[in-house]
Structure formats: structure tokens, C-alpha cells
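The values are calculated or read from the model by the stated rules, or taken from the named source; none is laboratory data. Everything quoted here is computed from the prediction, not taken from an experiment. Cβ atoms come from the backbone with ideal geometry, glycine included; neighbour counts cover every protein chain shown. Just so you know, the surface numbers come from the protein's heavy atoms only, side chains and all, with ligands and any DNA or RNA stripped out. Shrake-Rupley method; radii C 1.70, N 1.55, O 1.52, S 1.80 Å.
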Amino acid sequence: MSLFDHSIKELEEKLHNKEISVQDLVKASFDRIKEVDDEIQAFITLDEENAMKQAKELDESSEEKSLFGLPIGLKDNIVTKGLRTTSGSKILDNFNDPLYDAEVVEKLKEQKTITIGKLNMDEFAMGSGTEYSAYKKTKNPWDTDRVPGGSSGGSAAAVAAGEVMFALGSDTGGSIRQPAAFCGVVGMKPTYGRVSRFGLVAFASSLDQIGPITRTVEDNARVLEVIAGHDEKDSTSANLEVPEFTDALTNDVKGLKIAVPKEYLGEGVTQEVKDAVKAAVEKYESLGATCEEVSLPHSKYALSTYYILASAEASASLARFDGVRYGVRAENVEDMIDMYKRSRSEGFGEEVKRRIMLGTFALSSGYYDAYYKKAQKVRTLIKNDFEKIFEEYDVILGPTAPTTAFKLGEEINDPLTIYANDILTIPVNLAGVPAISVPCGVSSEGLPIGLQIIGKHFDEVNVYRVAHAFEQATDFHKQRPDIGGAAK
Amino acid sequence: MADNISKERVMHVADLARLHITDEEAEKLAEELQSIIKHAEQLTELDTTNVEPTTHVIHLENVMRKDEPRTDWITQEEALKNAPDHKDGQFRVPSILSE
């Protein structure tokens, strides 16, 4: 069997009717990995023996739960008890035996999902192409000369190539949505606080969120229903009831008001991406929604604001990697300070060091007010832009990324160019609102284009509703990359 | 407007960040930081006189809990098992004071 051919709901029915076993599912996952992952390189660590053992145990039980027995992948910055967790960094190369599971992993384990392995990512989630991984370069299943996007590139590629049923990623400035767009799959960044960050290796704690990457909107809503919710171990997690997101998938957008910011279809966005988004706007109008052009006037300041704030927070988050309690320690050091410096310099890659330096600079005496505090104030203006639009509109629509997937090695030499790839996703993290990317087109080069749907704080319900209606009215989510044998 | 970021400034920041960098790296970083900071200068266009800074997007009250030890979490032995070096139930590090 092929994981491609079914939704989560269909697999649950087949398991219920004993048409397939959990072992069939897990075997299908590893068969597909053996078929395509030499080329795709989505995984850093695989856990085959353990996964097969669990599958056998589940087949002997008669439990029925949402997501039961499904083979899944986790971005490698999500901590897994007893399973190596590197966060894409050499400094965690030997972190083979983490002591606890992230809260999202605990929740998935309660449902008896099966973790197939840990997925490649830009080191500490800093990047847009997964090229900054210390381990390998993941390829885009649609064109293996191109990046899968980043930083959750392994997660998006593994789902797009049919290696797992779904994956979790994390999104600080677009790291779920942009690779989902580049790989033609569905990626959701929930509202800040919707999902516990306990056990997520911190990059920028006021921006990070974990979210699902799936092949359909319905699958996505089902996964978020499981991983969302309050957690006393994350004091920033929201103490709110989690709605049944799947109830929102009614295919009805009549009377909804959709805002289309002119800044999201401006300079830097390719014509093909603009055309695909404009076609989506027309589709929504034909479905009975009202679409109007609006302005988010501070959008152009988002990139600078983000790089100051995210780097400043990262410089603090990454202070914990000191070669003392876990991770790699440099050898032949002179003293304590030398041990810190050499362990960190040898363990961190170039991009991570660049951001630590930028963040430390922005926080240093004499520069704090000019950069860090100023950026926090501009963040307020960006957040206010969104709140103003949401007084009148239900969701905001635009492209997820300004371009389709770029070629491996293409942009890596210039940090500012590569940062600009996140220009349409970053404002969402700064405002803390939820947003999804769904496939909305294929370029002349055969590469997927993503449509971004942004909602109000804690209104994932409407984001899913709007995404699902588009998906059901189009065929983009049914297209599969032509890789390996079974992908048709 | 910030002055040019000097190599010395970069060395100082690296020291604060507990990173060891070579002269060559410092020169390259000075250039790269300069270009990113120059881009960020655009923020000075905006009047933010009466704007409150956002440190956190969702309204949160102080989140309190009792400060109680939890024995069901991890043991001392477990806490040490990923450590590069440990001795007598403690993390071991190089000497802090020179002899």
C-alpha cells in the first residue's frame, strides 16, 4: 500500500475494519523511505526497530483513537525521550538519550502514533532552505535540484514524498508555511500559545510555535486537535478550550469577508505567484465570499523588526549550549571560559553564529534602545495593522512565499537576500496570529505555489474553514511529485 | 545612525556571546552585521514616541505555581547521563582559577 492514497480518516476506517494493520502502515512508511530517501534526504535519524515493535504491540491491542497507529515524523528540534535530538546542529551531535518527551510528543503518544524518525532542518531552525543543517541537504521532491524550503524542510519533504502520514514542524518566521508551500503540502502555524512549546528547542521564544504538516486540510485539523491545548509546563500556553477544528470543514464560505493586502502582491513577488493568488481570490468570490483589497502599511518594516528581535531572543536561548550538561564539549581546553568559547564555536554553524552575534550586538549596552526596544515598538505597529483589518474581515489572503522553491546553493551567499524569502510569513509571527499554507498552483517549471490564509488570534476554525473550501473546490492538493515508483 | 561596526566591536560582542572568532571571521562578520544593521536603520523612519513595546503578543497575567520539588521527573543519575564529564553526582568542568 501507499500512504499517499489515503486520508487519515480513511486509514482509521481501514484499521477499524481490519483491512490493514498498523504493521502494514509502518512497513509502507519504511518501504517508501528506502525507495526515495537516499535522494530526498529528509531524515536525520530513523527508529525502525522500535517503530516495528510498537506496531506489533498495537496490532495486538484493540484500542481505537484518533491518529492511532499512524507513522509520523518529527522535526529534529522536538525533543524525544531516548531518541536522538540534534536540532540540526553539531553541538547536539551526541544528544542520543534525551530525558523527556516534548508535550506534543506526549500527546501524540497517548493517541499511539508511531514515530518513524527525526527530520532534517536548518540548524536551530535558522534558515529558509534547510541548507544550514549541519547534517545533510534535503531535496525538494518536485525537483531534486531545489531546496524543500526551511527551516522545517525535512518535515515538508517527507510528507510530500509520502514517507510519513504527517509531520510536525516549528515556525518562528515561516518555517512551517514556506516549506509547505515549496513542497505542495499543507502547513499550519497555530496562534502563539495554542500549542505547548515544552520540549521544543527554543529559537525565539516569543515567536516559536509547533504545527502540523499534512497532505490535506482535514488531516491538518485532526492533528492540531490532538497537539493543541494548555500545558502547565509552558507558562505561555493559552488556557483556552480547544475547538473541534474538523467541525469547521463545512465547505461554506458564503458571506465571509476576505482581506487581500496590496503589500503582499507587490515588489519581489513573481508574476506566477501573483496570478495563482489572484485566481484563488476569484475562486473565493465564486464560492460566495467577499474579497477586498486592504493595506498593512507596516509590512515593509517586518523583516528588520524580525531579525533584530528573533536574533536577540536566539542569543539568549542558545546561551544554554555551554558544553557542561549535555551536547558536545571541545577538547583540550585551557579553562572554563575557553571551554565555553571553543565548544560553542566548534559546535555552532556559521549562520547560527551570525545570528547570535547580531542578537548580542542588538542587546549590548549603547545599542539596546536604538535596535531592540525600537524593534519591539515597531512590532506593536505591525500587530496593530492586523488587529485593525480583523475588525472588519474574517481572514487575510496572500501568497506564502514570494517565489517558488529556489535552487540548492542559489542564495546562500547573501544573508539579506535569503532573509527576504520570509517577508510574507514573518509579520504573522510578529503579530502572533495563526496562518496556514495550502497548495494553490503549479508554476511553469512544475513547482508548487502556496496560498497563505491568516486568521485572528485563536481563530484557527475560520482559517481551516477557508482553506478547506478552497481545497475542495480545486485539485492542487491531489497532485503528487513524480519521485520513486508509487507517486502518481 | 550607527557608526560603522569595527572589527574591535565585533571581537567585543563575540566575547559577550562566548564565541571564539578569528581575525578573518571578525572582518567578515563586521561587514555582514553592518549590512543587516544598515537595513534595520529603516526603523528610525517611524515615529514610535507613544508606542508601547510588544514583548509578548497574547495577554498574559503572571503565571504562578508552588515551588515544590518534583520527585517523579528525573533522577540525579538521569540528569548526568548526557553530560560530557561528571564525577560524584556532579557535572565536572575545567578549573576556573588558574594555579
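Within the range B:48-68, can one find any residue that is surrounded by fewer than 12 Cβ atoms within 10 Å (Cβ to Cβ), of a type in the set (D, E, K, R), facing chain A (nearest Cβ under 8 Å) and under 19 Å from A:HIS298 (Cα atoms)? Looking for residues that are surrounded by fewer than 12 Cβ atoms within 10 Å (Cβ to Cβ), of a type in the set (D, E, K, R), facing chain A (nearest Cβ under 8 Å) and under 19 Å from A:HIS298 (Cα atoms), one finds at least one in the range B:48-68, hence yes. Just a yes or no: is a residue in the range A:127-138 within 30 Å of A:SER21 (Cα to Cα) and not acidic (Asp, Glu)? So far as the range A:127-138 goes, no, none of its residues is within 30 Å of A:SER21 (Cα to Cα) and not acidic (Asp, Glu). Here A:SER170 passes the criteria (1) over 22 Å from A:ILE227 (Cα atoms); (2) surrounded by 24 or more Cβ atoms within 10 Å (Cβ to Cβ); (3) among the hydroxyl-bearing types (Ser, Thr, Tyr) except the one numbered (1).
Do we find a residue being more than 8 Å from chain A (Cβ to nearest Cβ) and in contact (Cβ under 8 Å) with a residue 40 or more places away in the chain anywhere in the range B:28-35? No, that holds for no residue. If the condition is being open to solvent by less than 50 Å² (accessible area, probe 1.4 Å), assigned to a helix (DSSP H, G or I) and of a type in the set (A, V, I, L, M), then the range A:325-352 contributes A:MET336, A:MET339, A:VAL352.
Considering the range A:353-376, the residues that are hydroxyl-bearing (Ser, Thr, Tyr) and within 19 Å of B:ILE36 (Cβ to Cβ) include one that is surrounded by the fewest Cβ atoms within 10 Å (Cβ to Cβ), namely A:TYR368. A:LYS53 meets each of the listed conditions (1) in contact (Cβ under 8 Å) with a residue 24 or more places away in the chain; (2) under 20 Å from A:ASP31 (Cα atoms) apart from (1). Scanning the range A:223-263 for residues that are open to solvent by 10 Å² or more (accessible area, probe 1.4 Å), in a helix (DSSP H, G or I) and under 24 Å from A:ALA469 (Cβ atoms) gives A:GLU225, A:VAL226, A:THR246, A:ASP247, A:LYS262.
Could you tell me which residue of the range A:307-348 is nearest to B:SER95 (Cα to Cα), considering only residues that are among the charged types (D, E, K, R) and facing another protein chain (nearest Cβ under 7 Å)?
That would be A:ASP335.
Of the helices (runs of 4 or more DSSP H) contained entirely in the range A:356-462, those carrying at least 1 residues that are under 17 Å from A:HIS298 (Cβ atoms) and over 20 Å from the mean Cα position of the chain (by Cα) fall at A:374-390.
Taking strands (runs of 3 or more DSSP E) that fall entirely within the range A:113-222, which contain at least 1 residues that are under 17 Å from A:GLU460 (Cβ atoms)? Result: A:166-171, A:186-189, A:209-214. Tell me, please, whether a residue that is open to solvent by 100 Å² or more (accessible area, probe 1.4 Å) and within 8 Å of chain A (Cβ to nearest Cβ) can be found in the range B:79-93. No, the range B:79-93 contains no residue that is open to solvent by 100 Å² or more (accessible area, probe 1.4 Å) and within 8 Å of chain A (Cβ to nearest Cβ). Restricting attention to the range A:264-286, the residues that are in a loop (DSSP other than H, G, I, E, B) and touching a residue at least 60 places away in the same chain (Cβ under 8 Å) add up to 3.
Conditions (1) open to solvent by less than 40 Å² (accessible area, probe 1.4 Å); (2) closer than 26 Å to A:ASN96 by Cβ, marked per residue:
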{"position": "A:ASN17", "(1), (2)": "no, no"}
{"position": "A:LYS27", "(1), (2)": "no, yes"}
{"position": "A:ASP38", "(1), (2)": "no, yes"}
{"position": "A:LEU58", "(1), (2)": "yes, yes"}
{"position": "A:SER66", "(1), (2)": "yes, no"}
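Would you be able to say whether some residue in the range A:175-191 is out of contact with any Lys or Arg (no Cβ under 9 Å at 6 or more places or on another chain), surrounded by fewer than 24 Cβ atoms within 10 Å (Cβ to Cβ) and within 26 Å of A:GLU313 (Cα to Cα)?
Filtering the range A:175-191 for residues out of contact with any Lys or Arg (no Cβ under 9 Å at 6 or more places or on another chain) gives A:178-181, A:183, A:190.
Add one more test, that the residue is surrounded by fewer than 24 Cβ atoms within 10 Å (Cβ to Cβ), and what stays is none.
Taking every residue of the range A:175-191 in turn, none turns out to be out of contact with any Lys or Arg (no Cβ under 9 Å at 6 or more places or on another chain), surrounded by fewer than 24 Cβ atoms within 10 Å (Cβ to Cβ) and within 26 Å of A:GLU313 (Cα to Cα).
The residues in the range B:8-35 that are crowded, with 17+ Cβ neighbours inside 10 Å, of a type outside the set (A, V, I, L, M) and closer than 21 Å to A:ILE337 by Cα can be counted, and the count is 4. Within the range A:309-324, the set of residues being touching a Phe, Trp or Tyr at 6+ places or on another chain (Cβ under 6 Å) and part of a loop (DSSP other than H, G, I, E, B) comprises A:ASP322, A:VAL324.
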